[in-house]
Amino acid sequence: KRHVAFLVYGFNDAPKGGLGVTRSWDDKLTVTIGKWGADTKEESSNWRELGNFVEDLEREENTGRLNDSWLVFAMDNATTKSCLYKGNSSLEKLYDLVVQLRALDLRTGARLLVNHCSGKRMVHQGTDRVSRGNLQEGVCLSKAMLAYCP
């Protein structure tokens, strides 16, 4: 018999210079802000978006919060969503990230639903600004995550 330990809503963004993730865990907001290293400057935006997503979830795996969770994420990158739904990519680097994510799913029992949303929604929700180091928009100002979920 399965149960859902957490229902998690989140947004993911990884523009050229930075990265950001906002998540609502049990109505508590967590924010991840980072900057890409020089070794990733030649990588595609699709690799950065999916790589940011996979790395963030791998960090969360250590907390145990992913165990038997349902994760509902939104992102403005259609290629990332396509890779996750198909479970495949013709590009080796993207395929490797999909395999990493599927291995995480198997280890944790997490289930993932990814929605595409517009870049404008990402700005209003706040994650677009978070990825640029700005915490003055949307959920970062205590607005409800569900108000922005597509």
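Readers should treat all values here as calculations from the given coordinates under stated rules, not as data from a laboratory. Computed from a predicted model, the values in this text were never measured in an experiment. All Cβ positions, glycine included, derive from the backbone under ideal geometry; neighbour counts span all protein chains shown.
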* Asked: Using the Karplus equation 6.51 cos²θ - 1.76 cosθ + 1.60 (θ = phi - 60°), what ³J(HN,Hα) coupling, rounded to whole Hz, does each residue of the range 16-28 give in order, writing x for Gly and Pro?
  -> 3, x, x, 8, x, 9, 10, 9, 10, 9, 6, 6, 10
* Between Lys41 and Asp27, 0.36 nm times their residue separation minus their Cα-Cα distance comes to what? -> 1.5 nm
* **Phi-based couplings in Hz for the range 66-71 (Karplus 6.51, -1.76, 1.60; Gly and Pro marked x)** => 7, 4, 6, 8, 9, 10
* Spacing of the two label points (7 Å from each Cα toward its C-beta) at Val99 and Asn67, in nm -> 2.8
* Structure fact -> With a ≥ b ≥ c from the Cα gyration tensor eigenvalues, square-rooted, and the rule rounded for a/c under 1.5, otherwise prolate when a/b > b/c and oblate otherwise, the range 17-126 is rounded
* Structure fact -> Scoring only Lys, Arg, Asp and Glu (+1, +1, -1, -1) among other residues with Cβ under 14 Å from the Cβ of Val31 yields +1
* So what's the back-of-envelope 222 nm ellipticity for the chain, counting only DSSP H runs of four-plus at -39500 (n - 2.57) apiece and dividing by all residues, rounded to 500? -> -11000 deg cm²/dmol
* According to a simple spin-label model (label point 7 Å from Cα along Cα-to-Cβ), what is the distance in nm between Leu106 and Asn134? -> 4.2
* **Long-range lysine pairs (8 or more apart or interchain), the chain, Cα under 23 Å** => 14
* Would you mind working out the magnitude of the charge dipole of the range 43-120 relative to its Cα centre, with +1 at each Lys and Arg C-beta and -1 at each Asp and Glu C-beta, to the nearest 20 Debye? => 240
* Calculate one ³J(HN,Hα) per residue across the range 34-42 by plugging θ = phi - 60° into the Karplus curve 6.51 cos²θ - 1.76 cosθ + 1.60, and present them in order as whole Hz with x for glycine and proline. => x, 9, 6, x, 4, 5, 10, 5, 8
